[in-house]
Structure formats: C-alpha cells, structure tokens
1. Only one residue in V273, V267 is of a type in the set (V, I, T) and part of a loop (DSSP other than H, G, I, E, B), so which one is that?
2. Condition first: part of a strand (DSSP E or B) and in contact with a Ser or Thr (Cβ under 7 Å, 6 or more places away or on another chain). Now tell me which residues in the range 219-237 satisfy that.
3. When the residues of the range 271-321 are narrowed to those that are open to solvent by 30 Å² or more (accessible area, probe 1.4 Å) and among the hydrophobic types (A, V, I, L, M, F, W, C), which ends up farthest from ligand 2 (Cβ to nearest atom)?
4. Just for the range 9-46: of the residues that are among the small types (G, A, S) and out of contact with any helix residue (DSSP H, G or I) (no Cβ under 6 Å at 6 or more places or on another chain), which one is most open to solvent (accessible area, probe 1.4 Å)?
5. Listed residues V183, V171; which is modelled with pLDDT of 95 or more, open to solvent by less than 30 Å² (accessible area, probe 1.4 Å) and under 25 Å from F137 (Cβ atoms)?
6. In the range 137-159, how many are closer than 16 Å to G218 by Cβ and open to solvent by 20 Å² or more (accessible area, probe 1.4 Å)?
7. What are the pairs with Cβ atoms under 6 angstrom where one residue, in the range 90-108, is touching a residue at least 24 places away in the same chain (Cβ under 8 Å) and the other, located anywhere, is of a type in the set (D, E, K, R) and assigned to a helix (DSSP H, G or I)? Sequence gap at least six, or different chains.
8. Would you point out the residue of the range 175-212, among those that are under 22 Å from the mean Cα position of the chain (by Cα) and hydroxyl-bearing (S, T, Y), that is farthest from C310 (Cα to Cα)?
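The values are calculated or read from the model by the stated rules, or taken from the named source; none is laboratory data. What you see is a predicted model, and the numbers here were worked out from it, not measured in a lab. Here the Cβ is made from the backbone with ideal geometry for all residues, glycine too, and neighbour counts use every protein chain on show. Heads up: the accessible areas ignore ligands, DNA and RNA and are worked out on the full protein's heavy atoms, side chains in. Shrake-Rupley method; radii C 1.70, N 1.55, O 1.52, S 1.80 Å.
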Amino acid sequence: MGVTDTTGEQAFDRARELKRFEESKLGVKGLLDSGLTSLPPFFIHPPETLSGLKPARPSSDPIPTIDLSGCDSGRRPSVVGEVGRAARGLGFFQVVNHGVPAEVLDRTIAAVKAFHEQPAEAKARIYRREMETGVAFFSNLDLFHSKAASWRDTLQIRLEPKADMEEIPEVCRSELMEWNQQVRRLGGLLMGLLSEGLGLNSGRLEELTCLETRVMVGNYYPYCPQPDLTVGLTSHTDPGVITLLLQDQVGGLQVKHGDVWVDVTPVPGALVVNIGDILQIMSNDEYKSVDHRVLANPRREPRVSIAVFCNPSNRENEFGPFPELVSSDTPAAFRQFNLNEYMTRFFKKELEGKSLINYFRA
Ligand code: OGA
Ligand code: NI
C-alpha cells in the first residue's frame with residue numbers, strides 16, 4: 001500500500017487526453033491553430049519508432065517512374081514488363097503520361113487543401129468515425145487502437161458506391177467527383193497492366209470486381225513543431241488491391257526496401273501506385289505489398305496527399321491466389337477467405353505491421 005501505480009495513472013491520463021482531443025473535433029490542424037508549440041504526450045511515439053526515423057539514405061535504387069504513353073499500342077509489352085518488375089520488387093512505382101491533365105491534379109489537391117483549411121466549425125460538423133453516409137472527417141483512423149497518435153488529419157469519402165452527395169463538403173465536391181472519374185479510368189488501365197504482368201488476361205482483376213469499390217482519403221499533414229517525436233503516418237501496408245496516390249510537392253512519404261527506407265520523391269505531374277495486401281495474396285506472393293510511412297512534416301507549409309484504395313465489391317465471394325498461378329511447384333501461399341472476414345480483421349487492429357496478410361497464409 002502507499003505505492004502509486006504510475007503506469008495505471010499514465011494510461012488513465014492518456015485515455016482522458018485522447019477522448020478530449022476526439023471530442024474537440026479539431027483535428028491536428030485545429031490543435032496547431034490554437035497556438036500549441038509542443039506536442040501533447042499522446043502524439044509522442046515510442047523510442048524504437050523514433051530511433052528509426054532517420055531521413056532516408058540516398059538510394060541507388062529509387063522508386064521507378066514508368067511512362068505510360070503508348071501503352072495501348074506498340075509499347076505495351078515493355079510497359080507491362082516495367083510494371084510487373086516494379087510490382088515484384090519495391091511494390092511501389094510512379095506513373096507519368098497517364099492521361100490525367102495537370103490542371104486536374106492541381107485542382108484536386110487544391111480542393112482537399114481548401115476543405116482542411118475551412119473554419120474548424122465547418123469540419124466539426126462531419127467529424128465522425130462511422131461511414132454510413134460515406135463521408136467522414138477525423139484525425140487518425142486508428143486513434144484508439146495505436147500506441148501513439150500521428151500528426152495528420154483525414155477527409156474520407158466513399159467514391160464508389162457513391163457517398164450521399166449532399167454530405168460531400170461543397171468546397172471539394174465537384175473536384176472529387178471529377179477525380180473519381182479519372183481514377184476509374186486510370187485504375188482500369190493499371191489493373192490491365194498488372195494482370196498482364198502476371199501472365200493473365202488483361203481483364204482478370206476487373207472481372208473479380210477489384211476496381212468497383214473505391215475509398216478516398218484526403219490527408220492533410222500540418223507543420224509539426226517537433227517532427228522528431230512523432231510521425232505523419234505510421235508504417236503500414238495498404239489492405240486493398242491497389243492504391244493510387246496523388247501527392248503535392250512537399251515530400252515525406254517513404255517506402256521500406258529490405259531494411260532501408262527509400263523516399264518517394266514527388267515528381268511533378270506523376271501519380272504513385274502501390275500494391276495492396278489483397279493483390280499480394282491474389283498474385284500468390286509474386287507482387288509485394290510493402291511497408292510505407294510518412295514523416296511528420298517539418299516544413300511551415302502543409303502537405304496534402306490523396307489516396308484512393310481500390311477494393312473488390314463482391315464481399316461474399318472467396319478470394320485467394322489466382323488458380324492459374326498455383327501449381328505443384330508453386331503451391332498456394334494463402335488460404336481462401338471472404339472480404340467481410342478480411343475487413344473485420346483490418347478495422348480491429350492498429351495500422352502498423354503485417355499481421356493481416358500473415359493471418360491468411362496457408
Ligand atoms: C495511406 C498512405 C501516403 C501519403 O493513406 O495509406 O499511405 O503520402 N498515404 O499520404
Ligand atoms: Ni498507405
């Protein structure tokens with residue numbers, strides 16, 4: 001008796017601070033605007049995370065940038081080769097000459113930025129974690145499941161099946177609908193190339209409805225006064241089939257290659273594409289869903305990124321490695337599962353780690 005249980009007290013304080021932050025509906029940008037100059041303790045990551053936050057080493061093996069021009073004609077075999085190599089190697093690549101006009105890229109980034117830079121009350125109205133309406137503003141998807149919070153706010157919108165139109169904030173509504181059309185077209189093109197890269201028919205991924213469910217996150221990474229103590233987004237893999245990412249020119253996204261973190265340096269006009277866990281499973285481990293993270297933003301200007309996650313719409317069907325890729329020499333590396341089971345597991349865990357995909361290993 002008489003001994004204070006400091007660990008218990010700390011856990012209690014932390015839970016109270018998290019709740020207060022959540023109920024304020026301010027997000028990280030709101031905290032910063034309130035004049036804060038040092039991080040609330042619940043944003044401070046454990047030493048093992050912080051010690052690994054060194055800037056990426058200059059790499060002799062950067063993320064490849066693939067030119068998609070002519071991929072519907074004579075250049076297609078070479079483009080398929082490049083896409084397949086990148087998907088098997090780093091699991092990340094950038095694409096240029098993808099057919100999306102530069103003005104559309106700029107407009108989309110500006111619209112998401114404008115959403116986050118509205119007065120706090122306008123954003124608080126849609127601060128929520130439920131996705132029934134298909135529209136939500138929140139800070140940290142895994143706020144209540146992670147060891148520490150990250151320096152980022154998010155506008156999440158279900159693009160397909162479509163969210164309630166009136167719920168989509170007007171400052172970005174028409175721009176995001178236009179973005180949805182572009183992602184549909186380019187997503188189809190990329191799925192064709194990725195299917196062919198596995199030696200399958202061009203339409204194979206789309207037949208399995210892999211492009212039909214699309215969720216967008218408009219991430220806003222405000223200036224961080226103590227960027228060595230936290231992160232913008234913890235290391236994670238994306239759960240879906242593929243992710244298309246539009247980033248501005250600020251930088252901070254890194255991809256893990258072996259033991260080394262490699263910068264995904266912004267290339268003007270380019271889009272970033274990465275392989276998600278479901279595609280790693282469907283490809284029977286040929287394509288790689290790799291860990292990536294975003295450093296806390298040390299610059300005075302905010303960073304904006306827009307990720308669209310493409311997922312199968314058929315949640316009852318069984319998913320697993322393509323039968324064409326399984327043989328006695330290359331047995332199935334994963335068991336079959338349905339997406340309801342898969343997504344339930346995803347939302348119960350923190351973002352970090354490869355536990356999701358490993359759970360489905362054969
Ligand atoms: C994500 C993601 C990267 C970024 O939202 O899953 O990896 O640059 N985003 O914001
Ligand atoms: Ni991601």
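1. Selected residue: V267, the only one of V273, V267 that is of a type in the set (V, I, T) and part of a loop (DSSP other than H, G, I, E, B).
2. If the condition is that a residue be part of a strand (DSSP E or B) and in contact with a Ser or Thr (Cβ under 7 Å, 6 or more places away or on another chain), then N219, V231, G232, L233, T234 are the ones that fit.
3. L295
4. Just the residues of the range 9-46 that are among the small types (G, A, S), to begin with: 11, 15, 24, 27, 30, 34-35, 38.
Subset that is out of contact with any helix residue (DSSP H, G or I) (no Cβ under 6 Å at 6 or more places or on another chain): 11, 15, 24, 27, 34-35, 38.
Values: A11: 60, A15: 57, S24: 49, G27: 1, S34: 86, G35: 54, S38: 64 Å².
It comes out as S34.
5. V183
6. The qualifying residues number 3.
7. The qualifying pairs are R107/E175; T108/E175.
8. Initial filter on the range 175-212 (under 22 Å from the mean Cα position of the chain (by Cα)): 175-195, 205-206, 208-212.
This time we only want the ones that are hydroxyl-bearing (S, T, Y), so: 195, 209.
Numbers: S195: 15, T209: 10 Å.
Here the residue is S195.
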